[in-house]
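Take a look at the structure set out below.
The values are calculated or read from the model by the stated rules, or taken from the named source; none is laboratory data. Since the structure is predicted, the reported quantities are computational estimates derived from the model, not experimental observations. Here the Cβ is made from the backbone with ideal geometry for all residues, glycine too, and neighbour counts use every protein chain on show. Ligands, DNA and RNA are stripped out before the accessible areas are found, and what is left, the full protein with its side chains, is counted by its heavy atoms. Shrake-Rupley method; radii C 1.70, N 1.55, O 1.52, S 1.80 Å.
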Amino acid sequence: MTAPAPAHTSRAAQVLSRPLSINGLTVSNRIVMAPMTRAFSPGGVPGADVASYYSRRAAAGVGLIVTEGTYVGHDSAGQSDSIPRFHGEEQLAGWAKVAEAVHAAGGKIVPQLWHIGMVRQAGQPPYADAPAVGPSGLRLDGSAGSGKEMTQDDLDDVIDAFVEAAVAAERIGFDGVELHGAHGYLLDQFLWAGTNRRTDAYGGDLVARTKFATEIVAAVREAVSASFPIIFRYSQWKQEAYDARLAETPEELEALLAPLAAAGVDAFHASTRRYWLPEFEGSDLNLAGWTKKLTGKPTITVGSVGLDGDFLRGFAGEGAPLKSVDDLLDRLEGGEFDLVAVGRALLQDPEWAAKVLAGRTGELKAYDAAALGSLS
Ligand SMILES: Cc1cc2nc3c(=O)[nH]c(=O)nc-3n(C[C@H](O)[C@H](O)[C@H](O)COP(=O)(O)O)c2cc1C
């Protein structure tokens, strides 16, 4: 006979195991795999190893997988030939097999659709001649570099590229899409005053700066089925500018999120580096918590879940302080946010979700950056 699981472990399993619906898509539990660029797709084609990498995690209990960022079909969208693309016959055939494998393993999966904008360095593959484009041709550090301020034609082309990718995602069997509006990439470059200096309708105050992302959401919403979920990922922080902020107050955050929600976002993925940090003074709510409170939409939290020692020991029940685990479960159970994305801990340990859900927490593996080197 097996020993009964410690009380806190059963609570974790109980809280995390509840299903959740996002615009009719039922996710079987609250554990999401965070999008993580891996660059193991030569020619932009995800192969059998990528399919196994994701399906292994679905088989081990991850409720929803958000794939690594994958380039939409615009020449300036990316800068690596081994990061998967979400356009082209061979590439989409590869992705169809990824979705099929994840479904066969009992999981759900959405691609993260990505355009890197002004992060692009000139001369890089897959389209070496393509310029870096952005709202004002500015890099994240404010320098002009060789960037190009996007014209209305450029904006229309990029909107079309996101729409085509989302339509393809539905056609080849994905369960929804996530639009990458975070971390200083193209959509975020429009949202952030540091990179958006436009004087036309796409620049100016916070609401004006949401116009481009909002148009993408609305165009995608129009082109896919009404029940096909659209998740929008955003962040305050940027690559190279960890202290950057889009919104200094809840009112500003509401101004940012309301147009996106109205355009058809079904769930928000609020990217933070440490999920437990309060977003604004005077409240314990984190960014996902505020996002849910202000929009009423389901939200995903993220940031160092399963990485700190207390969290691991808390799950393992070795007498260490349980604050981190209980804090996360309390917030989830209290409805502050709905889903918890796990990045590096899941990269390290494909069985992370199964171990947590089954109370085999003593077997969780500590994160080691060496995990970045393979697709295991
Ligand atoms: C190797 C690696 C690649 C990442 N690539 C992406 C990406 O393609 N898109 C994205 O939105 N975030 C990306 N992130 C951020 C993660 O999705 C996540 O927000 C971050 O790692 C924090 O979660 P964690 O502490 O659980 O790892 C990446 C993170 C890592 C470690």
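Applying a 10 Å radius around every beta-carbon, put 108-118, 251-261 in order of their mean neighbour count, most first.
108-118, 251-261
Please calculate how many Å² of accessible area the chain carries per residue, with a 1.4 Å probe and no DNA, RNA or ligand atoms counted.
37 Å²
Quickly rank 141-153, 45-57 as a protection proxy: mean count of other C-beta atoms within 10 Å, highest first. Display every interim value, and only then the final one.
Working: 141-153: 13.8, 45-57: 20.2.
The densest-packed peptide leads the list: 45-57, 141-153.
Straight-line reach only, C-alpha to C-alpha below 26 angstrom: list the lysines that Lys355 could link to, leaving out same-chain residues fewer than 8 apart.
Lys108, Lys323, Lys365
Could you compute how much accessible surface Asp75 exposes when probed at 1.4 Å, giving the result in Å² to the nearest 10?
Here the residue's solvent-accessible area equals roughly 90 Å².
What pairs in Lys238/Lys292; Lys97/Lys148; Lys97/Lys292 have C-alpha atoms more than 26 Å from each other? Can you show the working numbers first?
Values: Lys238/Lys292 22 Å; Lys97/Lys148 36 Å; Lys97/Lys292 33 Å.
Pairs exceeding the cut-off: Lys97/Lys148; Lys97/Lys292.
Please sort 26-32, 185-191, 228-234 by packing, taking for each peptide the average over its residues of neighbouring beta carbons within 10 angstrom, highest first.
185-191, 228-234, 26-32
Could you put Lys211, Lys365 in order of accessible surface area, largest first, with the 1.4 Å probe and the full protein assembly present?
Lys365, Lys211
With all protein chains present, how much of the accessible area of the range 11-373 (probe radius 1.4 Å) comes from carbon and sulfur, to the nearest whole percent?
The nonpolar share, carbon plus sulfur, comes to 49 percent.
What is the helix-to-structure angle for 250-263, meaning the angle in degrees between its Cα long axis and the longest Cα principal axis of the chain, kept from 0 to 90 and rounded to the nearest 10?
Result, in degrees: 80.
Hey, what number do you get for the chain at 222 nm if only DSSP H runs of n ≥ 4 count, each worth -39500 (n - 2.57), divided across all residues, to the nearest 500?
Rounded to the nearest 500, it is -10500 deg cm²/dmol.
With +1 on each Lys and Arg Cβ and -1 on each Asp and Glu Cβ, and nothing else charged, work out how big the dipole of the chain is about its Cα centre, in Debye to the nearest 20.
For this selection, approximately 900 debye.
Tally Lys/Arg at +1 and Asp/Glu at -1 over every other residue whose Cβ is under 15 Å from the Cβ of Ser225; what's the total?
Once positives and negatives cancel, what remains is -2.
To the nearest 10 degrees, how steep is helix 152-171 against the longest Cα principal axis of the chain, on a 0 to 90 scale?
In the chain, helix 152-171 runs at an angle near 40 degrees to the longest axis.
If you restrict to DSSP beta bridges whose two residues both lie in the range 11-373, what percentage is antiparallel, to the nearest 5?
Taking every DSSP beta bridge with both residues in the range 11-373, the antiparallel ones total about 10 percent.
Within the set of other residues whose C-beta is less than 11 Å from the C-beta of Leu357, count the net charge using Lys and Arg as +1 and Asp and Glu as -1.
+2
In vacuo Debye scattering of the range 11-373, one point per C-alpha: log10 I(q)/I(0) at q = 0.11 Å⁻¹?
The Cα Debye sum returns log10 ratios of -0.70.
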